[in-house]
1. Output the 0 to 90 degree angle, nearest 10, between the alpha-carbon long axis of helix 28-49 and the longest principal axis computed from the alpha carbons of the chain.
2. Take the Cβ-Cβ distance between residue 21 and residue 45 as r, set R0 to 22 Å, and report the resulting FRET efficiency rounded to the nearest 0.05.
Amino acid sequence: MSLVSVVITLIVVGILLWLINTFIPMDGKIKSILNIVVVIAVILWLLYGFGVLSGSGDIRMPTVR
């Protein structure tokens, strides 16, 4: 994963979240929950992308042929 793709993805996610928060009328609690979920998802994506978290746990997924 290149640094440019990470930066572009973060910018796109930030702009989309800003657009949702600005132009879609929602209750404040729903907006804060949405923001927290998006931030946690982006942090997990970054940790997996940079190898801090690995997907090689004990659970094996079957391969589809």
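Every number here is computed from the coordinates shown, using simple stated rules; none is lab data. Values in this document were obtained by computation on a predicted structure and should not be read as measured data. Positions of Cβ are generated from backbone atoms using ideal geometry, with glycine treated the same way; all protein chains shown enter the neighbour counts.
1. Tilt relative to the chain: about 30 degrees.
2. 0.65
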